[in-house]
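The values are calculated or read from the model by the stated rules, or taken from the named source; none is laboratory data. The shown structure was predicted, so the numbers you read here are calculated from the model rather than taken from an experiment. As a convention, Cβ positions derive from the backbone with ideal geometry for all residues, glycine included, and neighbour counts pool all protein chains shown.
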Amino acid sequence: IYKRSSQLFAEAEKVIPGGVNSPVRAFKAVGGTPIFVKSAKGAYLLDEDGNKLIDYINSWGPMVLGHAYQPVVDAVIEKAKLGTSFGMPTELETEIAALAVSMVPNIDKIRFVNSGTEACMSAIRLARGFTKRDKIIKFAGCYHGHSDSFLIQAGSGAVTFGSPNSPGVTEGTAKDTLLAKYNDLDNVATLIEANKNEIAAIIVEPVAGNMGCIVPQKGFLQGLRDLCTANGILLIFDEVMTGFRLARGGVQELFNVNADIVTFGKVIGGGLPVGAFAAREEIMNYLAPLGPVYQAGTLSGNPLAMAAGLAMLKALNNEPAIFDRLEEKTAYLAAGIDRVLKANNVIFTINRVGSMISVHFDENPVVDFQTAAKGDNETFKKFFHGLLQEGIYIAPSAYETWFITDALTYEDLDYTINAIDKVSKTF
Ligand code: PLP
C-alpha cells in the first residue's frame, strides 16, 4: 500500500542524504518506508498512495488545532498576496509578541527566530552573556535542537550524533555541557557543587517529550527552581514542544513553577518556521544594546510566519476551552488504550501529560537514554505497522510522543481504540 511512497523515497535518497527529513530516523527503527504526504486537513493525512490516515504525529507537534486550520491558512494567504518585505519591521511581529507575553506567565519580552533549535541556542547565549558564566547543565534524554552540544545524549533524536564516535561531535563541542539525569535532583546538586559559580543555566524540557513522554516527578521542577535561585543560575524551560499545547501559559502555568528564560517553537508558528525565546525584562534587556544582528537572521520575524503564528495564538487565546477539550480527548484515548491492552493481557506503560502521550510495551516507563538507544522492541514494531494497516499513523517509535489535536473527533478516538484492540490481539 506504500508503493508510490517507496518510489518517492528512492528518488529522494539520490539527492537528499539519508532520504528525506523527519521521520526517516524513526522509520529506520520500526522498518518500512516513510510515508509521503500529499495533503493534510484536520486530523487526517492523505498520502501519495491515496490512503487516508488518522494522524497522531501532528507535524511533530505544531498543529494543535489540526492541519490546514482555516484562520491560519487565511492569514498566510492574505499576507502573501499583500506581498512582504523580510527583515523590515511589521506590526504583526509586535502583535504576536504582545499576545505571547500576555498568555505566558513571568515573561515580559520575547524575540523571534526561525526554529526551536535557534531559540534554545539563543537562550543559552543570553544566559551566558547575562551571567558571565559558560557552563550549562542539560539532561540526558532532553532534546533542544540539532546544534552542537545539545546533541550529546539528547534523546532518541541524537543516538547517532550523540555517541562519542559520531562525525562532527568532538569533545570540544560539548566541553561546557554537563549532563544530568532527568528527575534526579541530587545529581544536579552534585554538579552545581563541583562547578561552583561556573554554571550559567540549567536547560530542561519541563515535560520531556523526546523520549516518549516523560513526566517530571513531583517536586523536580520546583527543586530545579530552588537550586537555580540559590546558586545564581538561570533556569531555562524549553517549551518548544509543550508551549501553547499543555496549557495556555505552558508548563509554568500547569505546574506553577517559574523559569527565567522560556523557549518556544512548534505551535507558536502555526506550522510555519518560528522559534522564540522570552524572559523577564531585566534579562531580555541585556540584548537591547547589542543590536538586532546579535540574535536575528534574515527571516526572523518574517511576516508570513508571524501571520501564521498570530492566527494560531489568537485562536488559542480566544477559546481557553480548547485546552480542556485537548485534555479530555487525550484522557479518553489513554483510558481506552489502557482498557483494551489490559483486556488482551499486554504488558505496557502509557505516559501522558495533557495532550502528549506515549505507549511503551515494557513494564517500566522509559526514563533513560540508554534504554532508548537500544531501540523499539518487537511488540512496538507490530503495533506501529498494525495500526498503519488500519489507517492510523502514530509516531514510528515509542521514544517519540503522540500529539492529540482538537481536530480529532470522539469517533476517530473510538476507531483508534478499536483498532488497537484488534492489533493487540495479534501480538
Ligand atoms: N526543543 C524541543 C523540546 C523540541 O522538541 C525540539 C524539536 O523537536 C527542539 C527544541 C528543536 O526545534 P526545531 O526542530 O524547531 O529546531
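Of note:
- Helices (runs of 4 or more DSSP H) fully within region 366-427 that include at least 1 residues being surrounded by fewer than 20 Cβ atoms within 10 Å (Cβ to Cβ) and at pLDDT 90 or above: 378-389, 410-424.
- One residue stands out among those in region 232-279 that are in contact with a helix residue (DSSP H, G or I) (Cβ under 6 Å, 6 or more places away or on another chain) and in a helix (DSSP H, G or I): the one that is farthest from the ligand (Cβ to nearest atom), which is Phe255.
- In the set (1) under 22 Å from the mean Cα position of the chain (by Cα); (2) modelled with pLDDT of 95 or more; (3) loosely packed, with under 15 Cβ neighbours inside 10 Å, Glu281 fails one condition alone, (1).
- Single residue of region 48-68 satisfying the filter (assigned to a loop (DSSP other than H, G, I, E, B) and of a type in the set (A, V, I, L, M)) that is nearest to the ligand (Cβ to nearest atom): Ile57
- Within region 56-89, considering residues that are of a type in the set (Ser, Thr, Tyr) and under 19 Å from Phe264 (Cβ atoms), the one surrounded by the most Cβ atoms within 10 Å (Cβ to Cβ): Tyr69
- Residue among Leu234, Leu272 that is surrounded by fewer than 24 Cβ atoms within 10 Å (Cβ to Cβ), assigned by TED's automatic domain parsing to the domain that holds Lys196 and touching a residue at least 40 places away in the same chain (Cβ under 8 Å): Leu272
- Scanning region 47-82 for residues that are free of Cβ contacts under 8 Å to residues at least 60 places away in the same chain and of a type outside the set (A, V, I, L, M, F, W, C) yields Asp47, Glu48, Asp49, Gly50, Gln70, Lys81.
- Among the residues here, Leu53 qualifies as crowded, with 16+ Cβ neighbours inside 10 Å and not assigned by TED's automatic domain parsing to the domain that holds Gly209.
- Subset tally (residues that are part of a loop (DSSP other than H, G, I, E, B) and buried (at least 17 other Cβ atoms within 10 Å of the Cβ)) for region 196-210: 5
- Matching residues, region 69-107, being at pLDDT below 95 and part of a loop (DSSP other than H, G, I, E, B): Gly83, Thr84, Ser85, Phe86, Gly87, Met88, Pro89, Thr90
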